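Asker: Mind looking over this structure? Questions follow.
The values are calculated or read from the model by the stated rules, or taken from the named source; none is laboratory data. Keep in mind it's a predicted model, so treat the numbers as computed, not measured. Don't worry about glycine lacking a Cβ; one is built from the backbone with ideal geometry, like all the others, and counts go over all protein chains shown.
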C-alpha cells in the first residue's frame, strides 16, 4: 500500500460540503431533461468548467434549479454520500444545503427535506455513513428570507439539523452582521453555528464579525486571517476550527499550487484545520482525492495526516460521547492500515 492509498483509505469525517455542489454531472443532465430545465446551449457537458467565481455561482444556481422533486433530492443526497464512501471511506458528514434557493423556486419545504432525509437514511443503511444537516442562509437573500427558512425547518426537522451556516455571495468587505438575529435565533434552538468568513483577500474583518457578532462556533475557509497575526493568535487561543477546501481554493481563489496555499501556513501556525471537498462534483474532486492530494502537496507526514483526519471529528458538532466513539473507531482502523503500509515497506 502506497502512502497515497493509505490517505485515501483511512476513514474520514467531512464538515464542509454543499448539497448543491455534489450533483453528479450525469444526474444533473438527466434531472434537467426530466424537469424541463434549459441548460446553456452547447455547454451542457462542460457545465462544470468555470471562467471565474461569478461563473461558478451562476452554474451553482443552474444546478440547484434542476433539483425539484422529492426523488431528486433523495437521489442527490444518496449519491453524494455514496461517492464519499467509495472514493474516500467517508463515515460522517455535516452537509450544507440552501433551502431558500429551492423554496424561492417554488419547491415545498417538505418535498425538499423529506427527499434529502430519505436519501441520507438510505445511504446510512446501505453504506454505514452518517449525515447531519446544516441549512445555510444565502447571503444574497434578505435576512427576512433566512428567518422564514429557519422557522420552517426548525419547527419540523430539528432532530436532523445540527447547525446553521451562511454562504454564497462572498466578496471583499462583505457585511454579514445583518444576519445576527437569525444566528441568535438558531442558538436559542440549540443549534451550533458557522459562517463562510475571511475566505478571500480583504475579508479578514468577517472573521471578527463571525466570532463577535454571529457568535460562530466554526469558520468555513478563513484563509484571510493570515494577514493579521492578532487574529491568528485569537483563533489559536479560542481553539477555533476551520473547514478548509484545497481544490475550491485552487479553482476559485486561484491558488493552484497546493504546496503553497494558505492552508499549509494555517496548519504550520497551529490552527485547527480540517480538509473538505466544498463542492465535490462541481470542482471535479472527491473526499479521498481531496485529502490525499492536500497531504502530499503540503508534504504532511503520516502523523500529521492522522491528526488532520481526527481533527474533523474534534471539530464536528457531534456530542462528546459520539466523538469519543468515532475517534476510537477511526484510530483502530487507521492503526491497522498503517501497519499494513509499513509491513509492505512503504513509509512516509
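Asker: All but one of (1) at pLDDT 95 or above; (2) surrounded by fewer than 16 Cβ atoms within 10 Å (Cβ to Cβ) hold for residue 346; which doesn't?
Answerer: All conditions are met except number (1).
Asker: Under the condition of being farther than 16 Å from residue 81 by Cα and in contact with a helix residue (DSSP H, G or I) (Cβ under 7 Å, 6 or more places away or on another chain), which residue from the stretch 267-282 is surrounded by the most Cβ atoms within 10 Å (Cβ to Cβ)?
Answerer: Per the criteria, the residue is 275.
Asker: Can you pull out the residues in the stretch 78-106 that are part of a helix (DSSP H, G or I) and more than 25 Å from residue 333 (Cβ to Cβ)?
Answerer: 99, 100, 101, 102, 103, 104
Asker: Restricting to helices (runs of 4 or more DSSP H) lying wholly in the stretch 240-348: which have 1 or more residues that are touching a residue at least 40 places away in the same chain (Cβ under 8 Å) and closer than 18 Å to residue 1 by Cα?
Answerer: Details: elements: 246-252, 262-268, 287-297, 302-314, 320-343.
Per the criteria, 287-297, 302-314, 320-343.
Asker: Continuing with this model, one more query. Residues of the stretch 21-38 being surrounded by fewer than 18 Cβ atoms within 10 Å (Cβ to Cβ) and farther than 25 Å from residue 124 by Cα, which ones?
Answerer: 29, 33, 34, 35, 36, 37, 38
Asker: A further question follows. Return the residue satisfying two criteria in turn: it lies in the stretch 234-251 and is modelled with pLDDT under 95 and more than 15 Å from the chain's Cα centre (by Cα), and of such residues it is surrounded by the most Cβ atoms within 10 Å (Cβ to Cβ).
Answerer: Filtering first and then ranking leaves 251.
Asker: Suppose the filter is under 18 Å from residue 95 (Cα atoms), within 20 Å of the chain's Cα centre (by Cα) and at pLDDT 90 or above; does residue 210 pass it?
Answerer: Here the answer is no, as residue 210 does not meet what is asked.
Asker: Can you pull out the residues in the stretch 162-188 that are surrounded by fewer than 21 Cβ atoms within 10 Å (Cβ to Cβ), modelled with pLDDT of 90 or more and farther than 20 Å from residue 221 by Cα?
Answerer: Hits for the stretch 162-188 are 181, 184, 185, 187, 188.
Asker: Could you tell me whether the stretch 91-105 includes any residue that is farther than 17 Å from residue 60 by Cβ and without any contact (Cβ under 8 Å) to a residue 40 or more places away in the chain?
Answerer: The answer is no; no qualifying residue exists.
Asker: Continuing with the same structure: Take the conditions out of contact with any strand residue (DSSP E or B) (no Cβ under 6 Å at 6 or more places or on another chain) and touching a residue at least 40 places away in the same chain (Cβ under 8 Å) and apply them to residue 53. Does it pass? Show your work before the answer.
Answerer: Values: out of contact with any strand residue (DSSP E or B) (no Cβ under 6 Å at 6 or more places or on another chain): yes; touching a residue at least 40 places away in the same chain (Cβ under 8 Å): yes.
The answer is yes for residue 53.
Asker: Now for a different question. Can you tell me which residue among 88, 140, 146 is in contact with a helix residue (DSSP H, G or I) (Cβ under 6 Å, 6 or more places away or on another chain), over 26 Å from residue 34 (Cα atoms) and modelled with pLDDT under 95? If you could, list the steps in order and put the result at the bottom.
Answerer: Numbers: 88 fails: modelled with pLDDT under 95; 140 fails: in contact with a helix residue (DSSP H, G or I) (Cβ under 6 Å, 6 or more places away or on another chain).
On inspection, the qualifying residue turns out to be 146.
Asker: Criterion first (in contact (Cβ under 8 Å) with a residue 60 or more places away in the chain and either farther than 10 Å from residue 19 by Cβ or not in a helix (DSSP H, G or I) (or both)) does residue 116 satisfy it?
Answerer: Taking the combined requirement at face value, the residue does not satisfy it.
Asker: For residue 13, are the conditions met, namely being surrounded by 22 or more Cβ atoms within 10 Å (Cβ to Cβ), touching a strand residue (DSSP E or B) at 6+ places or on another chain (Cβ under 8 Å) and either in a helix (DSSP H, G or I) or without any contact (Cβ under 8 Å) to a residue 60 or more places away in the chain (or both)?
Answerer: In short, no.
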